[in-house]
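For reference, the structure discussed in these notes is given below.
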Amino acid sequence: MASHRFSLKKAALAGATLVSTLALQPAQAQQQKPNVVIIFTDDQGYADVGSFGAQGFTTPNLDQLAHEGRRFTNFHVPQPICTASRVGLITGCYPTRIGFKGALGPNSNIGIGEGELTLPQLFKTKGYATGMVGKWHMGDAPQFLPTNRGFDEYLGLPYSHDMWPRHPEFPKSYPPLPLIEGTKVINSDMQPSDLEGLTTLYTERAVSFIDKNKNKPFFLYVAHNMPHVPLYVSNKFKGKSKLGIYGDVIEEIDWSVGEINKALERNHLDKNTLVIFASDNGPWLSYGDHAGHATPLREGKHTNWEGGTRVPCIMRWPGKIPANTVSNDMVMTIDLLPTIAHQLDAALPQHPIDGLDVWPLLTGQTGAHNPHEAYYFYYGNNELQAVSTGDGKWKLQLPHGYNTLNGWPGGKDGIPAKYEAASVKAAELYDLENDISETKDVAAAHPDIVARLQADAEKAREELGDGLTKRVGNGTRPPAQLAPATPAPNIVNHPITISCDVTTEATNGVILAQGGRRNGYALHLKDGNPIFSVRQNGRLYTVVAPEATHGRFSLKATLEKDGTMTLSVNGAPAITGKANGLFAEQPSDGFTVGQDTITAVGDYDVPNALEGKVENVKITTD
């Protein structure tokens, strides 16, 4: 298994030892494959669970989960921000290895590479049902959504729900927020009332998935949008906590955990299900009373201080993970994929990944130790900002800039306070066993540890790169990327004439398209019939050729000033229809030939690629 990893020889040998000591367990697991449920919250702070010291609200279901399982007090994510953190969980890789950084926005042109192995794909190799509800945020183009990356079914938001027209600072920067099922938009403009019911919606779908798959092994990934801002909560929990709406939101998430656990118990699955609860990063402190707490850790989200990457984590698997125990061993989300793979006796990819099997740590085996020599913390433009020893005792903060409130309170009522710029001027070393709050730089007292971690950092720069030192890694892989769009013509208030020649034996596929689900046009085939589709303000108008075509044929379509649509095949008399005049605004999606890459203009699922050739494309706007 060591050949699959970016790690030092010592770590590789440790990983090999772990494999030999656990060789019998996968064979035993095949007799009754375990179910796995991962519950991932958004921006929930280290101290925002009762058993981790929460104040002002209660989390009885999470506390019960901890009583029946194991609390991990040194559990980390690889980056302190939405997309990158989730990529690490789903692929077992440092995000920078596979081309990810920061948080993707709407209409992003990248997604997880098709050659990567995702957690749901791993489970599929062992015959599991796979389902996801919640926030995806790893590429919102349909071909990058969960059902195209290993999940059988998906219901949720494609990215953070603050990326919508009601953003408190950038209200004109984002399109309407969509709710997606599979790859279809089922609510194109989520409203506050919809978000109030979001946690309940996710919970009901999660419970339904468990009930539906009770007789087969399953993997369920529940990725709550809350408690990321803007905060919304159902009437069931509004005003229930002592901490205002943030506490209400956490108590509703705790209720959700309880409902999922009840479903497992009702179906007699709880004894054979691994449940993992964690957060994607630390709290967004600038939002003040709408943000969580990382006490006693330093800073929060958007920083690689402990408050940004160390998150609350609880795991339960009766008979496997010791009940009512606490582990301070360092573990990172990237370790979950290879650890689960070994338990399932599932093959890992041939290309390098970064996580290692940490099952002995999860189960509290005597003498177990972390197989990593080091963990690496990136942020910003692929900046290597910190490196820690694998056991989590020492952490070296490398020179970098970061944002801080500098002791000032955060914002109020959903309006964030402004951060101040700060920086680490020279490398600072922290003894996290004795100084979890990172208050005392001990670099001068331990030059040997500094040198060791600096050497580890240099290995990371060589393998993964580093924006701070302008290094390009030799072990990185690109993400999947949408095909570059052909420059799109300006169609606002212009009549349009489209012509092209097509050679294909296919009966379905997009010939060309400009725009998407709000405004645009497309020529496409359905059951062999050419169709001219026009979408205006979300409404679809179509002209359908009466006969199927194949081989080589020519098409000509027009949209005239009064909205008349025409479609002619091989010069035959045109079929006509009527749209609502000319386009009043330029479509946000680009122009493509042979597929529709972002959102669908017509009645089809993107990309709906055409097998064949499209030639002599000509578009005039006179």
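Anything in the stretch 369-379 that is open to solvent by less than 30 Å² (accessible area, probe 1.4 Å), part of a loop (DSSP other than H, G, I, E, B) and not polar (S, T, N, Q)? List them, or say none. Hits for the stretch 369-379 are Pro371, His372. Based on this model, can you work out whether Leu177 counts as aliphatic (A, V, I, L, M), in contact with an Asp or Glu (Cβ under 8 Å, 6 or more places away or on another chain), at pLDDT 95 or above and not in a strand (DSSP E or B)? Here the answer is yes, as Leu177 does meet what is asked.
The combined condition, being surrounded by fewer than 19 Cβ atoms within 10 Å (Cβ to Cβ), in a strand (DSSP E or B) and either touching a residue at least 12 places away in the same chain (Cβ under 8 Å) or of a type outside the set (D, E, K, R) (or both), is not fulfilled by Phe532.
Within the stretch 407-417, restricting attention to residues that are at pLDDT 95 or above and part of a loop (DSSP other than H, G, I, E, B), which residue is surrounded by the fewest Cβ atoms within 10 Å (Cβ to Cβ)? Steps first, answer last, please.
If we filter the stretch 407-417 for residues that are at pLDDT 95 or above, which is where we start, we get 410-417.
If we keep only those that are part of a loop (DSSP other than H, G, I, E, B) as well, we get 410-411, 413-414, 416-417.
Working: Gly410: 19, Gly411: 20, Asp413: 12, Gly414: 16, Pro416: 18, Ala417: 16.
Among those residues, the one meeting the criterion is Asp413.
Exactly one residue among Lys214, Lys238 is closer than 23 Å to His167 by Cα and charged (D, E, K, R), and that residue is Lys238.
Among the residues making up the stretch 217-258, a single one is surrounded by fewer than 21 Cβ atoms within 10 Å (Cβ to Cβ) and of a type in the set (Phe, Trp, Tyr): Trp255. Scanning the stretch 191-202 for residues that are in contact (Cβ under 8 Å) with a residue 24 or more places away in the chain and either surrounded by 17 or more Cβ atoms within 10 Å (Cβ to Cβ) or assigned to a helix (DSSP H, G or I) (or both) returns Pro192, Leu195, Glu196, Leu198, Thr199, Thr200, Leu201, Tyr202. Criterion applied to Asp335, Asp270 was being of a type in the set (Asp, Glu), more than 30 Å from Pro416 (Cβ to Cβ), in contact (Cβ under 8 Å) with a residue 24 or more places away in the chain and open to solvent by 10 Å² or more (accessible area, probe 1.4 Å), and the one residue passing it is Asp270. Only strands (runs of 3 or more DSSP E) whose full extent lies in the stretch 550-622 are considered here, and the ones with at least 3 residues that are within 17 Å of Gly509 (Cα to Cα) and open to solvent by less than 20 Å² (accessible area, probe 1.4 Å) are 551-559. Residues of the stretch 433-451 that are part of a loop (DSSP other than H, G, I, E, B) and either in contact (Cβ under 8 Å) with a residue 12 or more places away in the chain or not basic (Lys, Arg) (or both): Glu433, Asn434, Asp435, Ile436, Ser437, Glu438, Thr439, Asp441, Val442, His446. Considering only residues in the stretch 83-120 that are under 10 Å from the mean Cα position of the chain (by Cα) and open to solvent by 10 Å² or more (accessible area, probe 1.4 Å), the one that is farthest from Thr183 (Cα to Cα) turns out to be Ala103. Quick check: anything in the stretch 456-465 closer than 28 Å to Ala579 by Cα, open to solvent by less than 30 Å² (accessible area, probe 1.4 Å) and at pLDDT 95 or above? There is no residue in the stretch 456-465 that is closer than 28 Å to Ala579 by Cα, open to solvent by less than 30 Å² (accessible area, probe 1.4 Å) and at pLDDT 95 or above.
Lys214: of a type in the set (Lys, Arg) and either under 30 Å from Asn261 (Cβ atoms) or free of Cβ contacts under 8 Å to residues at least 12 places away in the same chain (or both), yes or no? The answer is yes for Lys214. Just one residue in the set Asp329, Asp345, Asp354 is among the charged types (D, E, K, R), open to solvent by 10 Å² or more (accessible area, probe 1.4 Å) and more than 23 Å from Leu65 (Cα to Cα); that residue is Asp345. Each residue in the stretch 421-451 was checked for being surrounded by 12 or more Cβ atoms within 10 Å (Cβ to Cβ) and closer than 30 Å to Phe170 by Cα, and 2 of them qualify. When we screen Asn474, Asn537 for residues that are surrounded by fewer than 16 Cβ atoms within 10 Å (Cβ to Cβ), over 20 Å from Val617 (Cβ atoms) and in contact with a helix residue (DSSP H, G or I) (Cβ under 8 Å, 6 or more places away or on another chain), the only hit is Asn474.
Restricting attention to the stretch 240-272, and to residues there that are among the polar types (S, T, N, Q) and over 23 Å from the mean Cα position of the chain (by Cα), which single residue is nearest to Leu201 (Cα to Cα)? Here the residue is Asn261. Filtered by the rule that a residue be in contact with a strand residue (DSSP E or B) (Cβ under 8 Å, 6 or more places away or on another chain) and either farther than 15 Å from Asn529 by Cβ or modelled with pLDDT of 95 or more (or both), the stretch 546-561 gives Arg552, Phe553, Ser554, Leu555, Lys556, Ala557, Thr558, Leu559, Glu560. Comparison of Thr497, Thr503 shows that the only residue that is assigned to a strand (DSSP E or B), open to solvent by 40 Å² or more (accessible area, probe 1.4 Å) and at pLDDT below 95 is Thr503. Is it the case that some residue within the stretch 233-244 is at pLDDT 95 or above and within 30 Å of Pro142 (Cα to Cα)? Looking through the stretch 233-244, at least one residue is at pLDDT 95 or above and within 30 Å of Pro142 (Cα to Cα). Restricting the stretch 121-163 to residues that are assigned to a loop (DSSP other than H, G, I, E, B) and acidic (Asp, Glu), which is most open to solvent (accessible area, probe 1.4 Å)? The residue in question is Asp152.
The values are calculated or read from the model by the stated rules, or taken from the named source; none is laboratory data. Please read these numbers as outputs of a predicted model, since none were measured by experiment. Don't worry about glycine lacking a Cβ; one is built from the backbone with ideal geometry, like all the others, and counts go over all protein chains shown. Please note that ligands, DNA and RNA were not included when accessible areas were found on the heavy atoms of the full protein model with its side chains. Shrake-Rupley method; radii C 1.70, N 1.55, O 1.52, S 1.80 Å.
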